[in-house]
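Down below is the structure, laid out as structure tokens.
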Amino acid sequence: MKRTILIITIFILIFSTSINASYQNLFEGYGSQASSGPGALFYNPAMLGYKYAPMLDINLLKTGFEFGNNFLSLDLWNEYAIKDTLKQADKDTLLMNIPSSGFLIHQRLNANLLGLKIGGFAIAPRIVQGVSTNFSKDLIDLGLNGNQLGKIYDFSTSDYGAILYGEVSVGYGQPIKLNNKHNLYVGASFSYLYGVAYFDVTKNTAYLNSDSNFYQSTDTVSFRLCVNPKGNPGFGMNLGFAYDISNSFTAGISLKNAYSFINWDADSIDFSDSSDVFNNGAILIGEGIINLDSINLYKLIDMYLSGDSINGDSIFNKFIDTTFSKSYAPFTTHLPPILNIGAVWRGIYSPWKLSFNYEQGFSNTPLSSVIPKFTLEGEYAIGRFLPVRAGIGIGGKELIEYSLGLGLELPFAYIDLGASNHRGLFYGLKGISTELNFGFRSPIWSNINCIIKDSTTGKPLVADYTVTYGDGKTFTRTTNADGKFGFHTYSPDVKIQIKRKDFETKTVELSLEPKESVQKTILMQPSTGLLICRVIDKLSGKPIAFAPVNIVSSKLYKAKSDSTGTTKFNLLEGDYNIRIHLKDYVPFDKSIKIHKAKSLTEICELKINKGYLVGKAQNAKTKAGVACEITLLDSTLKKFKVINTDKNGIYRVLLPSGKYTMKVKPLVKHYIKQEIQVEIKPAETTQKNINLLKKRMKFTFRNINFDLNKATIKPESYPILDSLGMIMVQNPSIIVKISGHTDTRGSSRYNMRLSRRRAYAVKMYIVKHFNIPKSRIISRGYGESRPLVYPERTESDYAKNRRVEFEVLREMK
């Protein structure tokens, strides 16, 4: 019978509980700094702003189970549950396994539904329930062995408590950036509490004492009870801080229930008068006192001899004093504060995570324990998305526990399963916990988007890029046609190496914050310089298409110009020659120097092996045009071409480069033939005006100067005499007369001799310097005999009479 009662009691305690995730959620519950989703509201709200927290997290369900005791293990249960009768040795063994503090059974419940986190803000509802029951060892002894005379049974260590409430919490966590490696996180959450049921024993002084002569008991029990399905209002507040000791190591501290309370209230219904208190709600605060005076056989005999009737009621009223007080007034309870200090290490380049947590409660309640609890947990992510977890906890109501967990961590979703046993392994365990946690979230990776451009032109480049993560893993790909590429990474340190032919290899190293989005333009510096050759015809200024362009150094580069006369070369830094050989053009050769990452544009003007000969045949004195026939002789004096000027003496002809002789035959009477030497240069226009002479044409020169009273020509007169010599050269058939004239000052005889000498000096200058036969020049001196002004009155008149005249006499026959 006793065994059956024990089995039923334990069965009810176990299966009246629910799943509990709060107290068994690897890397969420124990590691205060490791919970970064909506659940951080209830652990450390500072972690809502944690760098590794997702920007968006929709936690659909986080729930679990926890039940434990300090006495009954699975192997003990299997040993005694099959027995129909417990022998005294069995009872002694059971009592020996019960701690002196009593048989503690604890159970806790937490279920979070539809938690939402956006940035550092989060909101989440949950249900919390806890039961803690401690049966004194003497009470179990009494139940197993019955009352033993002469033994005092102390029941005061028995304790009972239970709570059930709902909670809606909102909170915010904010990072404060201290430097590149360190962040301080602060956060707080505030909750509306919805109390449903509460019970606790505030005082218990029960004991039982008996021997062969008497039976005595005193029991004072004070309790509080509230059941109200309509809910009781309350307020909760959690505070938290965390700090990045390094990029991979973060420590946190939080105070759960820093200030949290529930005001318990309900309709004042007398439990003795209502059978519907649990449907409508009820509140009761009471204290019951039962004192059983010593009662023995001698007092019963005295009662009989005195004539008193003996029955149960008379005995109870005679020897037992009972009092019971009750109240229906509202009361307030404060949820127990719990201090959490923890740290988490996340391997930046590895799938490892380690978490440590210290939990300290400040009162023994269904939700806390004054026994400190230390927890160490580890995680290894297989392939980055399949985390395997294990941990060990020491302290708390569980004393010692071992945990195992498994998860599935996808970029946009997650699911976590976990289980742990308490106070032993396998059949020695005295409690179990399980957990389930799943939801959706935004990825925690960093996004990198880049575009590659030529540093000199600014144009996008198609290139190969290799990405190396901090853990050494790499991949190589090619940009799209616009030079763009992008990828995401969990690694905070990334190295990107870009390669392209004719460009310097570029390496970019990035240090990333979690969830950071990077937009970067990468400029590639050419390892070569750009040479742009534009080939044009110098004479016409028009581009030359399909011209062969050779770039000469230790290596020969060949190309042809396009329809615009342009060709391009990417060349290493150094000295080069541009060579262009094209038919009908003068060979082009130019030295250049190329600098890397710079552009050089060379205008290659090709000189065609032809030039224009243009000019005007004109009267040498009046400059009036004279129509002529011009015969061109080549350098071998072979006739090459005959052209005619227009009626105004204008001519224009395209000739191959070289030297020519122009034989000019005037088509107007009395003009004298000329013979002129001319040179045509490639891609140049040669201007050649033909000054034609007529018979008896006279030129007067007053700026041919001589030394005073001498026939010595002054040097400033040489250009004038040279022009006269050119006339003689260009007109090889003419005979001319050079006449000298003086003013009237001096004797006529002296002036005659002086004029003859000066005319002869001019003749001999032309003969000597232009190799003209003396027979073609006649010199005469007229002194003052042919004045132009007479009589002379002014210096100007004298100057007019001092002159040298050049007169065409005739053509040689």
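Quick notes on this one:
- Within a straight-line Cα-Cα reach of under 14 Å, Lys117 can be paired with the following aspartates and glutamates, leaving aside sequence neighbours fewer than 8 residues apart in one chain: Asp57.
- Out-of-range pairs (alpha-carbon distance over 26 Å; input Lys560/Lys596; Lys353/Lys506; Lys506/Lys598; Lys83/Lys397): Lys353/Lys506; Lys83/Lys397
- Length released on extending from Gln148 to Leu61, taking residue separation times 0.36 nm less the Cα-Cα span: 26.1 nm
- Solvent exposure ordering (accessible area, 1.4 Å, most first) of Lys598, Lys62: Lys598, Lys62
- Estimated distance in nm for a label pair at Lys560 and Glu675, the labels positioned 7 Å out from Cα along Cα-to-Cβ: 4.9
- Here's how it looks for Asn619: its modeled amide H is under 5 Å from those of Ala624, Gly625, Val626, Leu692, which are all 5 or more places away or on a different chain.
- A Förster distance of 35 Å, applied to the separation of the beta-carbon atoms of Ile245 and Glu602, puts the FRET efficiency at 0.05.
- Counted charge near Phe249, where neighbours are those whose Cβ lies closer than 12 Å (Asp, Glu -1; Lys, Arg +1): +2
- Unsatisfied cross-links (Cα-Cα over 23 Å) in the set Lys177/Lys256; Lys607/Lys639; Lys542/Lys568; Lys737/Lys800; Lys151/Lys430; Lys610/Lys688: Lys177/Lys256; Lys607/Lys639; Lys151/Lys430
- Accessible surface of segment 516-623, 1.4 Å probe, proportion on carbon and sulfur as whole %: 49
- You can think of it this way: the chain between Thr218 and Val170 has 12.4 nm of extra reach, that is 0.36 nm per residue less the Cα-Cα gap.
- Entry comment: accessible area of the chain is 50 Å² per residue, from protein heavy atoms only and a probe of 1.4 Å.
- Cα centroid separation - segment 162-224 against segment 741-813, whole Å: 142
- Within the same chain, aspartates and glutamates fewer than 8 places from Lys698 are excluded, and of the rest, those with a Cα less than 19 Å from its Cα are Asp722, Glu784, Glu805, Glu807, Glu811.
- Of all complete DSSP H helices in the chain, those with a Cα span along the helix axis of 15 Å or greater and a mean Kyte-Doolittle hydropathy of 1.6 or more are 2-15.
- Cut-off 17 Å (backbone N to label point 7 Å along Cα→Cβ of Arg780), residues of segment 741-773: 741-742, 752-763
- Contact order relative to length of the chain, as percent, for alpha carbon pairs under 8 angstrom and 6 or more apart: 8
- Segment 329-366 residues near the modelled Thr202 label - backbone nitrogen below 12 Å, point 7 Å along Cα→Cβ: 329-334
- With the whole protein complex present, Arg753 retains an accessible surface near 120 Å², based on a 1.4 Å probe.
- Reachable aspartates and glutamates from Lys181, criterion Cα separation under 15 angstrom, eight or more residues apart if same chain: Asp244, Asp493, Glu513, Glu516
- Under the simplified labelling scheme, the Leu425-Lys568 pair shows an inter-label distance of 7.2 nm, with each label point 7 Å from Cα along Cα→Cβ.
- Once C-alpha pairs closer than 8 Å and six or more residues apart are averaged by separation and normalised to the residue number of segment 605-712, the relative contact order reads 33 percent.
- Here the accessible area is traced with a 1.4 Å probe on the protein chains. For segment 701-766, carbon and sulfur cover 55 percent of it.
- Distance-filtered residues of segment 615-638 - backbone nitrogen under 11 Å, label point 7 angstrom along Asn689 Cα→Cβ: 615-625
The values are calculated or read from the model by the stated rules, or taken from the named source; none is laboratory data. The structure presented is a predicted model; accordingly, all values stated were derived computationally and were not measured. Heads up, the Cβs are rebuilt from the backbone with ideal geometry, glycines too, and the neighbour counts pull from every protein chain shown. For the accessible areas, the whole protein counts, side chains as well, though only heavy atoms, and no ligand, DNA or RNA atoms are used. Shrake-Rupley method; radii C 1.70, N 1.55, O 1.52, S 1.80 Å.
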